[in-house]
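S.K.: Sharing a structure below in structure tokens format, with a few things to ask.
The values are calculated or read from the model by the stated rules, or taken from the named source; none is laboratory data. Given the structure is predicted, the values throughout are model-derived calculations rather than measurements. Here the Cβ is made from the backbone with ideal geometry for all residues, glycine too, and neighbour counts use every protein chain on show. Please note that ligands, DNA and RNA were not included when accessible areas were found on the heavy atoms of the full protein model with its side chains. Shrake-Rupley method; radii C 1.70, N 1.55, O 1.52, S 1.80 Å.
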Amino acid sequence: MPLTSDTDIARILDETRTVALLGASHKSQRPSHRVMRFLLAQGYQVYPVNPGLAGQELLGCPVFARLEDIPGRIDMVDVFRQPKFLPQIVGAALDAGIGVLWTQLGVVHAEAIAAAEAAGMSVVADRCLAIELPRLQSLGLCRRSCRAESASEA
């Protein structure tokens, strides 16, 4: 069962430093672009992943073709891909030793989520980081202070 407790989700957001954002877009009107901008403003190190943009920069960050191409340790993978791709993404995240799977609104694949949890990953599903972080901070649960942009701007 994905995490739903505000306390658990706030802990994940406080402990996370690096985020691989799968499905990153260069189009400023796309949710993945707005959430990436928001996460960067909150001090997260973001690694955008999009095969079509690989080798380019997005919001000052190098874009990678695949999760496996990112150098260094990744704390969380944030998924903006269609649910049908989630089983493959979970496999790649497990291979990379990533401990947290976050799926954005509408990105739900019950079997992939169950597999991630069975393998020991913390899973937050069908939620938006740019909504949850300010909400939890306003409740005093998240130590990470929201700055620069509000969720409505993301």
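S.K.: Restricting attention to region 37-59, which residues are in contact (Cβ under 8 Å) with a residue 12 or more places away in the chain, over 21 Å from P134 (Cβ atoms) and either open to solvent by 70 Å² or more (accessible area, probe 1.4 Å) or not in a strand (DSSP E or B) (or both)?
M.R.: N50, P51, L53, A54, Q56
S.K.: Same structure, new question: Being surrounded by 14 or more Cβ atoms within 10 Å (Cβ to Cβ) and either part of a helix (DSSP H, G or I) or acidic (D, E) (or both): is that true of R81 here?
M.R.: So R81 does not fit the description; no.
S.K.: Continuing with this model, one more query. From (1) touching a Phe, Trp or Tyr at 6+ places or on another chain (Cβ under 8 Å); (2) outside any helix (DSSP H, G or I); (3) polar (S, T, N, Q), pick out the condition that doesn't hold for Q29.
M.R.: Going through the list (1) touching a Phe, Trp or Tyr at 6+ places or on another chain (Cβ under 8 Å); (2) outside any helix (DSSP H, G or I); (3) polar (S, T, N, Q), Q29 breaks only (1).
S.K.: Right, another one. Output the number of residues of region 63-78 satisfying the condition of being among the aliphatic types (A, V, I, L, M) and either assigned to a helix (DSSP H, G or I) or open to solvent by 50 Å² or more (accessible area, probe 1.4 Å) (or both). Reasoning before the result, please.
M.R.: The first filter runs over region 63-78 and keeps only residues among the aliphatic types (A, V, I, L, M), leaving 63, 65, 67, 70, 74, 76-77.
Of the ones still in play, those that are also either assigned to a helix (DSSP H, G or I) or open to solvent by 50 Å² or more (accessible area, probe 1.4 Å) (or both) are 67.
Within region 63-78, residues that are among the aliphatic types (A, V, I, L, M) and either assigned to a helix (DSSP H, G or I) or open to solvent by 50 Å² or more (accessible area, probe 1.4 Å) (or both) number 1.
S.K.: Right, here's the next one. Take the conditions surrounded by fewer than 19 Cβ atoms within 10 Å (Cβ to Cβ) and touching a helix residue (DSSP H, G or I) at 6+ places or on another chain (Cβ under 9 Å) and apply them to Q88. Does it pass?
M.R.: yes
S.K.: Additional query: Only one residue in I70, I131 is β-branched (V, I, T) and free of Cβ contacts under 8 Å to residues at least 24 places away in the same chain. Which one?
M.R.: I131
S.K.: Here is a follow-up. Considering only residues that are modelled with pLDDT of 95 or more and of a type in the set (S, T, Y), which ones fall in region 114-151?
M.R.: S122
S.K.: Please specify each residue of region 3-36 satisfying the condition of being within 20 Å of R143 (Cα to Cα), open to solvent by 10 Å² or more (accessible area, probe 1.4 Å) and within 12 Å of the chain's Cα centre (by Cα).
M.R.: Hits for region 3-36 are R17, T18.
S.K.: While we're looking at this one, here's another question. Determine if region 98-107 includes at least one residue that is in contact (Cβ under 8 Å) with a residue 40 or more places away in the chain, more than 23 Å from P51 (Cα to Cα), assigned to a loop (DSSP other than H, G, I, E, B) and under 16 Å from the mean Cα position of the chain (by Cα).
M.R.: no
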